Structure formats: C-alpha cells, structure tokens
Amino acid sequence: MTTTDALPGAPRRRHAQPVDATLDAARVLALLATLVLVLAPHAAEFPAWVSVTVASVLGLRALFAWRGMGMPPAWWLALLATAAALGIWSSYGRLYGRDAALGLLLLMTCLKTLELRARRDAHVLVLLGYFLLVTGFLYSQSMGMAAYLLGCLWALTACLLTFQREPGRAAVPEVMRTAGLMIAQAAPLMLVLFLLFPRVQGPLWGLPLAQSAAQTGLSDTMAPGSVASLSLSDAVAFRVDFLSPAPEAKRLYWRGPVMWDFDGRAWRTGEALTTPAPVLGNVSEPLRYTVTLEPHNARWLFGLDMPAQRLEGSVLTADHQMLALRPVRARMRYETSSWLTYRAGLQESPRTLQRALALPSDYNPRALALGLRWRQDYPDPRNRVASALRMFGEQPFFYTLAPPLLGRDSVDEFLFDVRRGFCEHFASSFVVLMRAAGVPARVVTGYQGGVLNPVGGFLTVRQSEAHAWAEVWLQGEGWVRVDPTAAVSPQRIEGGLAAAVPADSGLPLFVRTDNALLKRARFTLDAIANGWNQWVLGYTPERQRELFQRLGMPKASWQGLAAALAMATGGVVLVLVLITLRRLRIAAPDPVTRAWNTLSAKLAPLGLARRPQEGPMDHGERVANALPAHAADVRRMAHLVVQLRYGREAAPEALEELRHRVRAFRPAPRWQRRVTTADGHPVTG
C-alpha cells in the first residue's frame, strides 16, 4: 500500500503482485533450463505443435526474466490454456489417456512458468518437474534414460535448494553438492524399498503396450522378403542363460510360429493345433535354460527344438509352439527345458497329414510338376527330400539379403529364374516341392544361432538371427527338421548371418563387428544392459521370491515382507540419523577459545568463571574489579582475545602472548583469598 492509498478518501488502485526477491533472473533461467532437460525426452512422442508451443512459451518466459519484464495478465493465460486443451482434443480426440493427458500436462507446466512471481510458484514447478521425471519411463525404460533422468533429478533438487537461499547466497557448487548429498542419502532407503516392497505383476515403470502397438519381430504370416527385412535390425529378441554349457551354434534352432497354410504366395499359421497333446519319443537328456524375452506384442514364447515342458501361463500346441495366454507386452523371464534329440509326431493323425499336403492348384505349375516327377521317380520319401537338397546345393542358388521382387508364381520364379533369396525363399520353395512330391511338410519360423557374450556368460539372440526352415513327416521318424538354407549357405548355420553375406550387405554394427576393441565394448554394454533388465526392469515377484530364498526365507508371506521392510527401513533411517548427528557434533575449539576457557577454569574456584552471556571484555572487566591485583593482566588478556577473534589483522605473536599470559596467571591461593565485588563487599571462595 502506498502513501496515497493510506490517505482517507483516496481512490484505491490495483497493483501488480510484486516479484519475490529470490526469483532473480539467474535462478529463473536455471529453473527454465532444468525444465527443458526434463521435457526433452518427450519431444519425439507428441505432435510437432506441442514441442513448438513448449519451446516458445519457455523461450518467452526466459526473455521476460532476462529483461526484467512483467508477467502477462491472467486473461491471456486463460486463453492460452484453453487453446492448449483444444489442441490436445484435436490431436487425440480426448483429454484423458496416457498420451493426451501427458501432453496436456506438458503444456500446462510450461504455461505455469508465466505465473512465476513468488517462491511458492517455483516450488510448484519443481514438484511438477519431479512428476514429469517419472513419466519419462512411460516411453523408455533403458539404463541410459534412467541415468539421464537421475541427472535431471539432481538439477531439480538443486533448483529447489536455490529458492531456499537468500539473494546472493546461492553458490552453484555448494547447492549442487548439497543436492547430490541428499540424493545419496536417499539411495539406501530407495534400495530397501525396491528390494523388499511387495512386487506387482507387470513392468516396473510404464504401462503395457497398447493393443494397437506395432509388433516387432516375427509374425503369423511369411511372404517373400518378410524375414529378410528383420536381418537389418540389431534389436534384441531375447537373451538366454544356460544352466550347462551352451550347445554348438548349428543346433541352436529357436522354435516360433509354425506355418501350415499356403495361398500361392504367403504362408500363414492358420488355426493353432491345441489337441491332441504333443508326444515326443526317443528323447535325450533335457537341456535347461532361462529366457529373458523382450516384448513383441504377440503370444509366441521361444525355446530350442523341441520344448520339453509347458510353461505356467502358456499352452503347448500339437505342433510344438509355446504360446502365452495373452500377448507379451512387457519383458518376460521364464525357465524352461528342451530336448535336442527327439522323435516328434510318430503317430500323426491323417487329418493333420492331409493339411501338411495342401497346395493351391493354380499357382506355381513348374514347381508342382517337378515335385510330381520326384514322387514318380523316388518311391522312398527320403530320396525325394535328398533330391531337393541336392538341387539347392549343386545348382547356382545364392543366399542374399537383397532378393529380387517376385511375381504371382513366386516359387516358380525363385526356383527356375532368379535363384537368389533369403531363408524364407528356400524354406517356402522346399515345402512346396515336398508337398507336390507327396511328403507332408510345413514351414517353421523362429531364430537360428545367437552370440555368446563372454562378459556376461549369456547368449544374445537378435532380430537379425530370424530364420525359417522346414519340417517333413517321414514314416517311422515323425517330423524331421530340414534346413534347405544350410545346403546353399552352411556358413549361415555354423557362423551366423555375418559369415554368410558379403561385408557390404548393410548389416548393423552389433551384428557385424570385426574390430576386437569394438566387439569387447559391445559385449560389455550388452552385459550391463542385461543386468539392468534382469535386476531392475525384470525384478518381478518371481525374482523377489528367488532373492528371499537366497536369504533363507523361502516362504515369506506378506506379513513377513512387511516386517522385513519395516526393520530394514528403520535400520537405514537410524544409520542416517547417527551419521547426521555425528556430523553435527561440537567442533573442537580454536586456540583462542581454548586459552580463554583455560583462564575461566582457573577463575572458577574464585566464583569468577565466565558466564554464558558474557563476552571477553565484560568478563575481563568483572574479573579485574574482583581481583585488583591482577586487573591489568586480565584486561590485557581480554583485549588479546578480542583482537584475535574479531580483529581484521591480528599479529601472529598475539596468540603466543595470550597463551603465555594464561599459563603464567596465578590467582591468590585459598588461604590468602579475599575477593571483593565492585561495591567493596567480600566474596568468599
């Protein structure tokens, strides 16, 4: 209120709210820069206009702070907020849901900076920044994102601390050090809560993928070029930890979708065969291993040929596909086993065998004619299989990542014209030839091979290892795996994709790295990422139970978990409190204080010890009046204390003189003691 406002009868005027003194330009710009860091990971997830609006509003607020300009009026902010809400509605058709709600929150947070006038507004923005940090994990849960957001947390905490300091007392190094110390102190408690708090099923951060999310990896159809396109992806499909030595590379066939139905160009899985239950015979000792499967938005679970058990929460079909009950939209870890030697489908039903012989009659006439000729020339189906493999191995077929486009009769064009293709071309044409020759056959897709990581001791299977092969049914042997790609390019099966294609094929770096240093770095980064996935993102209820079993609590109930959590949390808090109290212990007195305390102790028997409220001069004057014989000496010592403690430039010899005088000071012995007060009354000792 101004003087004019205070006068009686003076008209009242509305004044703008004053800006808090702590909101100087440097602090506001630091807060805005930190918000930019927090919001940056969301830029790629929203329409371009959202990012442009956010950048424009923050830039405008930075200009206001830099030039000391006033804030816009409230009606202008209301218009901007309404426009932001209408824009989100126009882009998403609603204001709720993950993307729409988060986009609206981003815009409103930026508009809030235009109301930054008081310390309270700064606190609100910092708290909004903390909330937005968590939303970063909705789109990426990688270790790099976690490290980035941890840095943003540090910067936000430092901003919060700066607004608690008075102007001119917010030194950046000190504030950053304090913020880092606070985060470090909170880390043990965070670790306890992470390990012991009862887990819920699902991903640690974020929401499961939406039903409409794009599927990565294999699909339920296979057309020419569909598998070849995956070879250019270095994305991880899954990682495998073997409980015994890993098999050799040529035996690593990871079974996925089984293709039965062919329309002349593309293969499809068709209806899943769930009955009767699969039967295997003449099996070997099962091989046990653990698979950490990346989300792919489909139901397939991958295992070595042949899966030996049905997993909990899945079904095992009659054609030996492992299918989850619902699409895999979060990282999944499961332990399973497989038989590498087996006999499958010895007593296959006639209906199933008939399905494995079906072909459209109006496609690929040359392939059908060749298969019919083999059927007539070779009564034994095994010889028909051998003839096809011999054709692929002896005739000029080429394995390539860039096969030419094929027309309507794709199998005919591949076998008799172009003869250049990827694994799906060889598997598809082989199965067509076998069916035409009267041999039941089907296409199996999945992954072949993998790279053993010597740093982490696990096998990494990437999308580039996607593969297609065939299975034929032979009397007395059942379903037998046949890989026609091995007849054309055995290097693909024994040495991986990089060994089978030229160096200029465009394979990603993680697939083709011949440099030893880069390869070691790749393995190290992959091992770190696997540890992050296993123990942070993949810390499921099952992993928590495993941890409790190792700690000797195999059957921990929720009551036991709550007790353990309370005890561990209390222990961590107690340790932190003790550390804090230890840091707050009384510091050892400096030499000047020690000397003056020694003098006070010598005067204590006379009743002249220093009082808590007395300064050196007051205490010295009281002692001088009480001990006239020592008045000059006491006043000199008081003067030295003041000079050493409060003087701008104290001579180095002043401290030594003080020490010497204190050591030499001797009050009168008890039998001579007769001390008087300032008014002459005696003081008894």
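Is it the case that region 550-570 has a residue that's of a type outside the set (S, T, N, Q), in a loop (DSSP other than H, G, I, E, B) and at pLDDT 75 or above?
Scanning region 550-570, I find no residue that is of a type outside the set (S, T, N, Q), in a loop (DSSP other than H, G, I, E, B) and at pLDDT 75 or above, so the answer is no.
Condition (residue is of a type in the set (Gly, Ala, Ser), farther than 30 Å from Arg288 by Cα, outside any helix (DSSP H, G or I) and modelled with pLDDT under 95) applied to region 444-462: is it met by at least one residue?
no
Give me the pairs, please: first residue somewhere in region 403-428 and at negative phi, second residue anywhere and aromatic (Phe, Trp, Tyr) and open to solvent by 40 Å² or more (accessible area, probe 1.4 Å), beta-carbon distance under 6 Å, and either six or more positions apart or on two chains.
That search, which allows pairs on different chains as well, returns Asp409/Tyr363; Arg420/Phe398.
Quickly run through region 515-548 and pick out the residues that are within 23 Å of Pro198 (Cα to Cα), free of Cβ contacts under 8 Å to residues at least 60 places away in the same chain and of a type outside the set (Lys, Arg).
Within region 515-548, Trp535, Glu546, Phe548 qualify.
Does Arg384 meet the test of being closer than 23 Å to Trp479 by Cβ, of a type outside the set (Ser, Thr, Tyr) and buried (at least 21 other Cβ atoms within 10 Å of the Cβ)?
Taking the combined requirement at face value, the residue satisfies it.
Could you please let me know if Arg329 is touching a residue at least 60 places away in the same chain (Cβ under 8 Å) and open to solvent by less than 60 Å² (accessible area, probe 1.4 Å)?
yes
Considering Thr460, Thr485, which residue is within 17 Å of Leu252 (Cβ to Cβ) and in contact with an Asp or Glu (Cβ under 8 Å, 6 or more places away or on another chain)?
Thr460
Filter region 71-100 down to residues that are touching an Asp or Glu at 6+ places or on another chain (Cβ under 8 Å) and closer than 22 Å to His42 by Cα, then give me how many there are.
2
How many residues are assigned to a strand (DSSP E or B), farther than 12 Å from Pro440 by Cβ and touching a Leu at 6+ places or on another chain (Cβ under 6 Å) if we restrict to region 465-492?
Qualifying residue count, region 465-492: 1.
Step by step: first the residues of region 333-373, then only those that are open to solvent by 50 Å² or more (accessible area, probe 1.4 Å) and under 30 Å from Val536 (Cα atoms), then the one that is nearest to the chain's Cα centre (by Cα). Which residue is that?
Among residues in region 333-373 that are open to solvent by 50 Å² or more (accessible area, probe 1.4 Å) and under 30 Å from Val536 (Cα atoms), the one nearest to the chain's Cα centre (by Cα) is Arg333.
Just to verify a result, which residue in region 33-83, among those that are closer than 18 Å to Leu104 by Cβ and among the aromatic types (Phe, Trp, Tyr), is surrounded by the fewest Cβ atoms within 10 Å (Cβ to Cβ)?
Ranking the candidates gives Trp49 first.
Pull out all pairs, ordered by first then second residue, where Cβ-Cβ is under 7 Å, the residues are six or more apart or on different chains, the first lies in region 347-373 and is part of a helix (DSSP H, G or I), and the second is of a type in the set (Phe, Trp, Tyr).
Leu353/Trp473; Arg355/Trp260; Arg366/Phe416
Out of contact with any helix residue (DSSP H, G or I) (no Cβ under 8 Å at 6 or more places or on another chain) and either farther than 29 Å from Gln141 by Cβ or of a type in the set (S, T, N, Q) (or both) - does that describe any residue in region 327-336?
yes
For Ala595, indicate whether it is of a type outside the set (Asp, Glu), buried (at least 16 other Cβ atoms within 10 Å of the Cβ), within 60 Å of the chain's Cα centre (by Cα) and modelled with pLDDT of 85 or more.
yes
Each row is one residue, and each column tells you yes or no for (1) assigned to a helix (DSSP H, G or I); (2) modelled with pLDDT under 90.
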site: Gly70; (1), (2): no, yes
site: Trp76; (1), (2): yes, yes
site: Trp89; (1), (2): yes, no
site: Leu106; (1), (2): yes, no
site: Leu111; (1), (2): yes, no
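Just give me the residues in region 621-649 being under 60 Å from the mean Cα position of the chain (by Cα) and surrounded by fewer than 15 Cβ atoms within 10 Å (Cβ to Cβ), in sequence order.
Arg645, Tyr646, Gly647, Arg648, Glu649
The values are calculated or read from the model by the stated rules, or taken from the named source; none is laboratory data. Given the structure is predicted, the values throughout are model-derived calculations rather than measurements. When we count neighbours, we look across all protein chains shown, and the Cβ atoms used for this are built from the backbone with ideal geometry, even at glycine. Please note that ligands, DNA and RNA were not included when accessible areas were found on the heavy atoms of the full protein model with its side chains. Shrake-Rupley method; radii C 1.70, N 1.55, O 1.52, S 1.80 Å.
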